Amino acid sequence: MTTVIRQDDLIESVADALQFISYYHPKDFIDGVYKAYQKEESQAAKDAMAQILINSRMCAEGH
């Protein structure tokens, strides 16, 4: 028996996976970003990391 994987199904699956990992971050990633945020001196970099942390929290809370 041969299994056929359609190109569109593969593309959709990969896109869904990338979308998922862009929203849901493992705790060690969040901890690392937070530690980097605390040490960072550049306000622009701190703002970018803060936005990542805020977005991650909102996604985890279902917003």
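What pairs come out if I take residues in the range 5-29 that are assigned to a helix (DSSP H, G or I) and pair them with residues that are surrounded by 10 or more Cβ atoms within 10 Å (Cβ to Cβ) and not aliphatic (A, V, I, L, M) whose C-beta lies under 6 Å away, six or more apart or interchain?
Correct list of pairs: Tyr23/Cys59.
Determine, yes or no, whether Ala17 is at pLDDT 90 or above and closer than 21 Å to Ala60 by Cβ.
Spelling it out, Ala17 is indeed at pLDDT 90 or above and closer than 21 Å to Ala60 by Cβ.
Give me the residue from the range 1-59 that is under 12 Å from the mean Cα position of the chain (by Cα) and hydroxyl-bearing (Ser, Thr, Tyr) and, out of that set, surrounded by the most Cβ atoms within 10 Å (Cβ to Cβ).
Ser56
What about Met1, is it part of a loop (DSSP other than H, G, I, E, B) and not hydroxyl-bearing (Ser, Thr, Tyr)?
yes
The values are calculated or read from the model by the stated rules, or taken from the named source; none is laboratory data. Quick caveat: nothing in here was measured; it's all calculated off a predicted structure. In this analysis, Cβ positions are derived from the backbone assuming ideal geometry, glycine residues included, and neighbour counts consider all displayed protein chains.
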